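To keep things clear, I will list the structure first and then write my remarks on it.
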Amino acid sequence: ADNAEVIHVQQDGDEDAISIDMNGADLALNIDQDSEAGSIYVNSTAANANVVGLEAHSLATGSAIRIDASGLTTGEAIDIYSNSSDVNARSLVKVVNDHADSTATIPLSIQQDSANKALFVDQNANGLSVDVSTDATTANGVNIGAASMTAGTGLSVSVGALTTGGGVDITSLRDRKS
């Protein structure tokens, strides 16, 4: 029959519909998808709950999520999309390192081994493209390190349509002299 389900679980109560307790040293769930269709699809009508939750409190050296998309040609390993017209402030991606003692932690690290951009920001509205805020009192707010560079420019600023203002504004707000 068309669209026949091998397994169908319907739970109308307040308990988990499916629960897997795994105490062995192998995968608790293994999906081997060999057809041209998605492997997992979640459709949620939850308005105030996390749709997918992942806890890995005992994880010490592995990765909580690892994506290997080595076959990519024009797709993305992660595609996050929102078309919400709601005007409330929100973040589409939020990374928080919430413990002050974890001083060697880098919340977001990007390694680019190709000769293309490591970070590209395309701001299509009349707002800031990048805004860096720091509470540091003795450390640099922004550092550009190019120790291996032998030719080129360490920092390039191009403002082709500028009619008022300036290409770069560097201001110290302490003991400002007029």
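Assorted remarks:
- Output for segment 32-82, where each listed residue is among the charged types (D, E, K, R) and closer than 22 Å to residue 110 by Cβ: 66, 68, 76, 79
- Residue within segment 76-89 that is farther than 30 Å from residue 39 by Cα, open to solvent by 100 Å² or more (accessible area, probe 1.4 Å) and of a type in the set (Asp, Glu) present: no
- Enumeration of residues in segment 13-28 that are at pLDDT below 90 and charged (D, E, K, R): 14, 15, 16
- Filter pass, residue 95 being touching a Ser or Thr at 6+ places or on another chain (Cβ under 9 Å) and without any contact (Cβ under 8 Å) to a residue 60 or more places away in the chain: no
- Residue check for residue 46: within 24 Å of residue 95 (Cα to Cα) and assigned to a loop (DSSP other than H, G, I, E, B): yes
- Residue in segment 145-161 that is within 30 Å of residue 63 (Cα to Cα) and either open to solvent by less than 100 Å² (accessible area, probe 1.4 Å) or in a loop (DSSP other than H, G, I, E, B) (or both) present: yes
- Among the candidates 109, 35, the residue that is in a loop (DSSP other than H, G, I, E, B), closer than 27 Å to residue 144 by Cβ and free of Cβ contacts under 8 Å to residues at least 40 places away in the same chain is uniquely 109.
- For the residues 150, 138, the requirement of being modelled with pLDDT of 90 or more and over 24 Å from residue 118 (Cα atoms) singles out 138.
The values are calculated or read from the model by the stated rules, or taken from the named source; none is laboratory data. Only a predicted model underlies this, so the values are computations on that prediction, with no experimental measurement involved. Neighbour counts are summed over all protein chains in view; Cβ atoms, including those assigned to glycine, are modelled from backbone coordinates with ideal geometry. For the accessible areas, the whole protein counts, side chains as well, though only heavy atoms, and no ligand, DNA or RNA atoms are used. Shrake-Rupley method; radii C 1.70, N 1.55, O 1.52, S 1.80 Å.
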